[in-house]
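Below: the structure, in structure tokens.
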């Protein structure tokens, strides 16, 4: 394999961190290349925040890396993951080392100086060389330079948004476009505001006053102009808005979130949108006239629903519509070139074959950071909910204000070679709840909340997470379960070849913790789960962390019945440290139990675990058939040691 390096610089105005100087070069060359060191923010759920450092680049083959620390004397350092076997040479305050790319498991390296866990950390996040880059001049490509208007929908014949290097701010808001069929003088609209039902999430329906704009134009190629500004609307339910008469054939309703200071501040839900001719017209000119919208359900806004049908599937709405840029057309690619920074978030609902890729940065710093009640009311980075064959590849996400990448209720979702660095509470990494036949591979995640999540939101199965590096500053590295949606069983998941650089619990330290967490709730099953080749570094604060917890009790008092955990395998899982909380296996009763857990080649402090004591674990009631073994135990004649709880 050739030794090739591909680097780029961010646009002017992007914050740099002066703590480190970083240079790289192909190992068979002599000329060093300086890298831009980005300032990224880390944090904890107690509200503390820290500036830290990051470099991003692509390479193939072997490279040499030179890192100089400018924060004072370098009295010690730690390079993770230790599985990479990096042996650095220190000269004063400079480290030099060689690393080789792995296209399946790209190198994601963190250097800690002087035992720092935050500020004096350098994140060296790499990917293989980029391939299949869209051609800027291709007829299907819509090229966007910094400062260009970004269309809500691609022009006819285009299927790719190509963001050129520089700063871009993504559009915001859900929307519905109506063709009245002819030019009319119009002077008012009716808006039937409804209750937003977050299908499958187990949350109560909610109703808020909508912030909205009404825009019009006469010709298809005209630009929209404002007819009515409803961003100050404080009324719920059915409302009528009037404005001076204007000629229009096309009318667009922009939904910009809820007009509230707390709660689900970016939610929108409407059941009906009507447009009337000036001078007292009573005919709804918009009926059955919708031609486009942010989501496939846009037709429901003008299909004649009665506004009293609150909370039905005929509504048109979204959880985070106010701040999201919606991809509404299937087979759409959003390409962020190296050196691109896009401010904002991206969403798609029930749209197939949507791809977000490139080597650019998606930056959430301009989104709302105030933590409303509930905290999940903020906006995530990329939400491609539902749909099939959607992909997120190669980009870096910084400062997501909520769950970063959400591909819930999806078929064959893929997340590959991305980086996530977050500091806000609720800024989870990747969610695959209710999704099937999905793949997460080659990712780096560092968040103050859960890294990989699959909740009991719907049936979830046959997902694989592999070849990745995880760092949980708080909460869990891998969280499977929780939620009370009926028949939302989770099964046939594989987690393999994963390095965990740190983890620590939060809130209730012995309950909301664990690198490998299975938590069956809502009378649902979790079964057929494999953890293979998982390497866990020594924890920062071992008393706050646990290697695993498999439990079926309630999350909080009153949550309801637990569930069943069955057929779990830990194969070649290693923990390098000591002093951690005991690993926990806990059932509740005869109907909510844990059964058939197999530890194969489980090692703690480089020693083979052969029983509960050497495994530093607690096995409680309603647990049966916990086994310990090695590779040799797989022979037909061998019978692994077995434990059966009460």
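The values are calculated or read from the model by the stated rules, or taken from the named source; none is laboratory data. Since we're looking at a predicted model, the values are computed, not measured. All Cβ positions, glycine included, derive from the backbone under ideal geometry; neighbour counts span all protein chains shown.
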Restricting segment 229-248 to residues that are within 16 Å of residue 211 (Cβ to Cβ) and not in a loop (DSSP other than H, G, I, E, B), the residue that is nearest to the chain's Cα centre (by Cα): 229
Number of the exception - residue 523 against (1) under 24 Å from the mean Cα position of the chain (by Cα); (2) crowded, with 17+ Cβ neighbours inside 10 Å; (3) modelled with pLDDT under 95: (1)
Some residue of segment 538-545 being in a loop (DSSP other than H, G, I, E, B), assigned by TED's automatic domain parsing to the domain that holds residue 519, more than 28 Å from the chain's Cα centre (by Cα) and surrounded by fewer than 23 Cβ atoms within 10 Å (Cβ to Cβ): no
Evaluation of residue 484 against (1) touching a residue at least 40 places away in the same chain (Cβ under 8 Å); (2) out of contact with any helix residue (DSSP H, G or I) (no Cβ under 9 Å at 6 or more places or on another chain); (3) part of a strand (DSSP E or B) (one fails), failing number: (3)
Criterion (within 30 Å of residue 433 (Cα to Cα) and modelled with pLDDT of 95 or more) met by exactly one of 209, 296: 209
Conditions (1) loosely packed, with under 14 Cβ neighbours inside 10 Å; (2) under 30 Å from residue 164 (Cβ atoms); number of the one not met by residue 48: (2)
Search result, residues across segment 58-78 that are at positive phi and either surrounded by 15 or more Cβ atoms within 10 Å (Cβ to Cβ) or touching a helix residue (DSSP H, G or I) at 6+ places or on another chain (Cβ under 8 Å) (or both): 61
Test: residue in segment 140-147 that is modelled with pLDDT of 95 or more, within 30 Å of the chain's Cα centre (by Cα), within 21 Å of residue 396 (Cα to Cα) and surrounded by 15 or more Cβ atoms within 10 Å (Cβ to Cβ): yes
Some residue of segment 19-36 being under 25 Å from the mean Cα position of the chain (by Cα), over 17 Å from residue 127 (Cβ atoms) and surrounded by 15 or more Cβ atoms within 10 Å (Cβ to Cβ): no
Number of the condition not met by residue 187 [criteria: (1) in a loop (DSSP other than H, G, I, E, B); (2) in contact with a strand residue (DSSP E or B) (Cβ under 7 Å, 6 or more places away or on another chain)]: (1)
Pick from segment 267-288, criterion under 18 Å from residue 174 (Cβ atoms) and assigned to a loop (DSSP other than H, G, I, E, B), ranking: modelled with the highest pLDDT: 286
Segment 372-382, residues that are surrounded by fewer than 24 Cβ atoms within 10 Å (Cβ to Cβ) and under 18 Å from the mean Cα position of the chain (by Cα): 375, 376
Residue match in segment 118-141 (condition: in a strand (DSSP E or B), farther than 18 Å from residue 81 by Cα and touching a residue at least 12 places away in the same chain (Cβ under 8 Å)): yes
